[in-house]
Amino acid sequence: MPWLLRNKVYYAVFTAVFFLFWLLFKMGGMPDVAHALLSTTVDVTLSMLAMFVTVHILLPLFVYRNKYAAFTCCYIALVLVCGSIIIQSQLSLDGSSLSEYQANILKYPKHYFYWFWADLVFGSYFLVFFISSAGAAIRFAFDREQALKRAEQMEKEKISAELDLLKNQLNPHFLFNALNTIYYKIDRTNRPARETLQRFSSMLRYQLYECDKPFIAIERELECIAAYVDLQKERLNGNYSVDCSGFDTVKGLQISPFLLLPIVENCFKHLSNGLDMQNKIHITLTQNNNSFCLSTCNTVSNDDNNPEKGGIGLAAIRKRLQLVYPGKHILVINQPPGSFELTLNIETV
């Protein structure tokens with residue numbers, strides 16, 4: 001059942017039960033059923049309105065943003081306004097008004113004073129406060145339960161990822177020793193082969209020894225991406241073109257490691273391979289104070305309808321962005337005919 005429909009059902013059930021019990025309470029002092037129905041309708045409508053505003057507006061707007069003073073002021077004002085409207089409405093239903101208070105006190109010196117201040121004034125404000133605070137408490141309980149479930153799921157995913165990493169991990173010293181052996185086996189005159197192996201070794205070192213930190217300098221991430229792009233260029237022929245710009249302009253920022261490389265990898269993974277066309281990749285980086293923008297565009301084959309599918313790629317990137325940069329990133333994907341475009345804006349502070 002959709003979230004909105006489910007909440008409508010909850011509100012409808014709660015309002016019906018509340019209305020029934022409050023009507024029975026009212027009829028204990030109001031033999032006139034029509035009068036009791038009108039009085040109950042006023043109380044329930046204003047109380048439910050206060051609860052809805054508290055739960056769906058004040059809590060998300062203030063409490064969940066740690067603006068407790070603003071929430072307190074707005075909540076008190078809400079209770080006073082709704083309670084005052086109830087008071088005035090109940091007086092009108094009885095054919096009276098606040099201006100007739102003194103006359104009614106003189107006419108009913110004992111009964112009216114108690115009824116006005118205890119039943120009407122205190123009862124109206126307390127009813128609004130009780131219903132709205134009860135709704136807020138229930139919302140807190142549900143949100144806390146959901147937060148605990150999300151935290152538990154995140155912990156399970158983290159453990160699963162760590163186990164998968166351990167299963168597929170070779171001893172780093174063995175890898176680098178093997179790479180060094182291969183490097184020195186390559187003839188000194190074969191400079192391109194040695195440089196290619198050095199780029200690969202640099203990428204591997206970055207992944208094994210630097211990506212275990214929560215944040216790293218963005219320059220290191222871009223160095224790894226540049227090495228990856230150079231390696232990919234080695235296997236492409238003249239029918240392909242890769243254009244990169246702005247790598248030297250983005251500096252002084254901290255970023256979650258290995259966040260951008262899968263995006264660039266996705267460009268090469270789904271790059272078109274047409275024999276009668278120019279297969280292109282454009283990668284652009286720009287910086288604006290503490291924010292930066294990564295834009296990529298690559299041509300795709302006609303049969304590659306969904307470059308987002310497969311592998312850990314963009315699905316993992318979306319999850320990481322939601323966890324590491326909630327509310328501080330914008331990821332936009334466009335798929336015009338024959339190309340795949342991605343723009344990622346991140347505010348690092």
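The values are calculated or read from the model by the stated rules, or taken from the named source; none is laboratory data. Because the structure is predicted, anything quoted here is derived from the model rather than measured. Neighbour counts are summed over all protein chains in view; Cβ atoms, including those assigned to glycine, are modelled from backbone coordinates with ideal geometry. Note: accessible area is taken over every heavy atom of the protein model, side chains too, but ligands, DNA and RNA are not part of it. Shrake-Rupley method; radii C 1.70, N 1.55, O 1.52, S 1.80 Å.
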Rounded to 5, the percent of DSSP beta bridges in the chain classed as antiparallel = 80 percent
In degrees, nearest ten, helix 68-93 long axis to first principal axis of the chain (Cα) = 30 degrees
Expressed in square angstrom to the nearest 10, the accessible area of D187 with a 1.4 Å probe stands at 90 Å²
Taking a ≥ b ≥ c as the square roots of the Cα gyration tensor eigenvalues, with a/c under 1.5 meaning rounded and otherwise prolate when a/b beats b/c or oblate if not, segment 1-69 comes out oblate
Using a Gaussian network model of the chain with C-alpha springs under 10 Å, which one of K233, K107, K185 is most mobile by mean-square fluctuation?
-> K107
Mean separation of Cα contacts under 8 Å, 6 or more apart, over the residue count of the chain: relative contact order % | 10 percent
Under a cut-off of 24 Å between alpha-carbon atoms, report the lysines in cross-link reach of K269, not counting same-chain residues fewer than 8 places apart.
-> K233, K280, K309, K319
Given a Förster distance of 22 Å, the FRET efficiency implied by the Cβ-Cβ spacing of Y183 and E210, rounded to the nearest 0.05, works out to 0.60
Given springs between every Cα pair under 10 Å in a Gaussian network model of the chain, which of L98, L127, L58 has the largest fluctuation?
-> L98
Scattering from the C-alpha atoms of segment 182-280 alone, worked out with Debye: what is log10 I(q)/I(0) at q = 0.12, 0.15 1/Å?
-> -0.48, -0.73
With Cα coordinates, the longest principal axis of the chain makes an angle with the long axis of helix 3-27, in degrees rounded to 10, of 10 degrees
Just the accessible area for S84, please: 1.4 Å probe, Å², rounded to the nearest 10?
-> 50 Å²
Gaussian network model of the chain, springs between alpha carbon atoms under 10 Å - residue of I225, I76, I159 with greatest fluctuation = I76
For the chain, what class follows from the C-alpha gyration tensor (a ≥ b ≥ c being the square roots of its eigenvalues): rounded when a/c is under 1.5, otherwise prolate if a/b is larger than b/c, else oblate?
-> prolate
On a C-alpha basis, how far is the centre of segment 1-67 from the centre of segment 234-274 in Å? Whole number, if you could?
-> 56 Å
Compute, for Y11, the solvent-accessible surface of its heavy atoms (probe 1.4 Å) with the complete set of protein chains present, and express it in square angstrom to the nearest 10.
-> 50 Å²
